[in-house]
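Q: I have a structure I would like to understand better, so I am pasting it below and will then ask my questions one at a time.
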Amino acid sequence: MNGTLHHVEIYVSDLNKTIAFWKWLLTEKFSYVISQKWDFGISFLLGDTYLVFVQTEEKYLKQSAIDCFKFFEKFRDNKLHALKKFIGKTQGS
């Protein structure tokens with residue numbers, strides 16, 4: 001089906017607090033089940049969709065949000081450029 005998600009992976013600053021917050025909501029209210037749990041992460045499954053929470057490595061926790069936004073802007077711009085180039089080729093331009 002179009003528009004469905006396979007998975008979403010979210011890196012968090014405090015895995016224990018994240019689990020404490022999301023576990024109740026996902027399992028009790030939305031019927032997700034815990035699919036996997038390991039030292040640095042947990043995944044919740046509902047049908048074919050799963051949500052993964054992963055503890056961010058300590059060395060990356062010190063970076064500012066601005067650094068992260070700059071990285072994602074560059075990543076986004078590169079992907080958009082590649083997509084435009086691909087679409088141009090498929091449309092014969």
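Q: Step by step: first the residues of segment 57-78, then only those that are of a type in the set (Asp, Glu) and modelled with pLDDT of 70 or more, then the one that is farthest from His6 (Cα to Cα). Which residue is that? Full working, then the answer.
A: Of the residues in segment 57-78, the ones of a type in the set (Asp, Glu) are 57-58, 67, 73, 77.
Restricting the remaining residues to those that are modelled with pLDDT of 70 or more gives 57-58.
Values: Glu57: 24, Glu58: 28 Å.
Checked segment 57-78; the qualifying residue farthest from His6 (Cα to Cα) is Glu58.
Q: Residue by residue through segment 1-21, note down the ones that are open to solvent by 90 Å² or more (accessible area, probe 1.4 Å) and assigned to a helix (DSSP H, G or I).
A: Passing the criteria: Asn16, Lys17, Phe21.
Q: Can you find a residue that is out of contact with any helix residue (DSSP H, G or I) (no Cβ under 9 Å at 6 or more places or on another chain) and either at pLDDT below 90 or in a helix (DSSP H, G or I) (or both) anywhere in segment 34-56?
A: Scanning segment 34-56 turns up no residue that is out of contact with any helix residue (DSSP H, G or I) (no Cβ under 9 Å at 6 or more places or on another chain) and either at pLDDT below 90 or in a helix (DSSP H, G or I) (or both).
Q: Here is a further query. Say we look at segment 4-34 and pick out the residues that are over 16 Å from the mean Cα position of the chain (by Cα) and of a type in the set (Gly, Ala, Ser); which of these is farthest from Lys62 (Cα to Cα)?
A: For segment 4-34, the residue satisfying everything is Ser31.
The values are calculated or read from the model by the stated rules, or taken from the named source; none is laboratory data. All figures in this text were calculated on a predicted structure; none of them were measured in a lab. Cβ coordinates were reconstructed from backbone atoms using ideal geometry, including for glycine residues, and neighbour counts include every protein chain displayed. Side chains are part of the model used for accessible areas, which takes the heavy atoms of the whole protein and leaves out ligands, DNA and RNA. Shrake-Rupley method; radii C 1.70, N 1.55, O 1.52, S 1.80 Å.
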